[in-house]
1. Can you report the number of residues in the stretch 12-28 which are under 14 Å from Ala51 (Cα atoms), crowded, with 16+ Cβ neighbours inside 10 Å and either hydroxyl-bearing (Ser, Thr, Tyr) or within 14 Å of the chain's Cα centre (by Cα) (or both)?
2. Can you say whether Val34 is in contact (Cβ under 8 Å) with a residue 24 or more places away in the chain, in contact with a strand residue (DSSP E or B) (Cβ under 8 Å, 6 or more places away or on another chain) and part of a strand (DSSP E or B), as far as the supplied structure shows?
3. Of all residues in the stretch 54-64, which are more than 14 Å from the chain's Cα centre (by Cα), in contact (Cβ under 8 Å) with a residue 40 or more places away in the chain and farther than 16 Å from Ala12 by Cα?
4. Test each condition in (1) in contact (Cβ under 8 Å) with a residue 24 or more places away in the chain; (2) part of a helix (DSSP H, G or I); (3) of a type outside the set (A, V, I, L, M, F, W, C); (4) over 16 Å from Glu104 (Cα atoms) for Gly68 and report the one that comes out false.
5. Restricting attention to the stretch 117-140, which residues are modelled with pLDDT of 95 or more and in contact with a Pro (Cβ under 9 Å, 6 or more places away or on another chain)?
6. I'd like to check something: does the stretch 32-53 contain any residue that is over 15 Å from the mean Cα position of the chain (by Cα), modelled with pLDDT of 95 or more and under 18 Å from Gln113 (Cβ atoms)?
7. Give the residue that is nearest to Ala21 (Cα to Cα), with candidates limited to residues of the stretch 95-119 that are part of a loop (DSSP other than H, G, I, E, B) and out of contact with any Lys or Arg (no Cβ under 6 Å at 6 or more places or on another chain).
Amino acid sequence: MESKGITLKVDAPPELPFVLADRAQIECVVSSLVSNALRHTEPGGRIHISAVGRAGHVAVSVADSGHGIPPEYLPSIFDKFVRVPGTPSGGAGLGLAISKSIVETHGGQIVVQSTVGHGTTFTFTLRVTGESAALSPARA
């Protein structure tokens, strides 16, 4: 990030509730989203990671000021092997599909909002503890 002059901002209040999650898998999701943001953000741009508590869930967002995703690719962006032509690559088009699978396995959802030329925001949710004992608790 430093070499590209990209600003990283993280907002995660310390009072966030515990979530039901496999820490390593959720770290993989966040890492994939941040890696994509870095790949698609120009020097001098910004990436903002945030987490907020919402009615039984914690929502984690990774937003960037990058290229944005053309609207025609948004419906399939979480499908395997999807890569947007004309943008920097470096992957096989599997990161978002794997991230979606991990989030959904945890009972959450992942969504994307994007505007070409203005950036992209990926947001995923995880259930807070107390709603299920299927997975061990981890801090968001």
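The values are calculated or read from the model by the stated rules, or taken from the named source; none is laboratory data. Values in this document were obtained by computation on a predicted structure and should not be read as measured data. Don't worry about glycine lacking a Cβ; one is built from the backbone with ideal geometry, like all the others, and counts go over all protein chains shown.
1. Number of matching residues: 1.
2. Considered against the rule, which asks whether it is in contact (Cβ under 8 Å) with a residue 24 or more places away in the chain, in contact with a strand residue (DSSP E or B) (Cβ under 8 Å, 6 or more places away or on another chain) and part of a strand (DSSP E or B), Val34 comes out as no.
3. As a first pass, look at the stretch 54-64 and keep what is more than 14 Å from the chain's Cα centre (by Cα): 54-57.
Checking the rest, the ones that are also in contact (Cβ under 8 Å) with a residue 40 or more places away in the chain come to 54, 56-57.
Answer for the stretch 54-64, where residues must be more than 14 Å from the chain's Cα centre (by Cα), in contact (Cβ under 8 Å) with a residue 40 or more places away in the chain and farther than 16 Å from Ala12 by Cα: just Gly56.
4. (2)
5. Hits for the stretch 117-140: nothing passes.
6. Yes, there is a match, as at least one residue in the stretch 32-53 is over 15 Å from the mean Cα position of the chain (by Cα), modelled with pLDDT of 95 or more and under 18 Å from Gln113 (Cβ atoms).
7. Looking at residues that are part of a loop (DSSP other than H, G, I, E, B) and out of contact with any Lys or Arg (no Cβ under 6 Å at 6 or more places or on another chain), I get His106.
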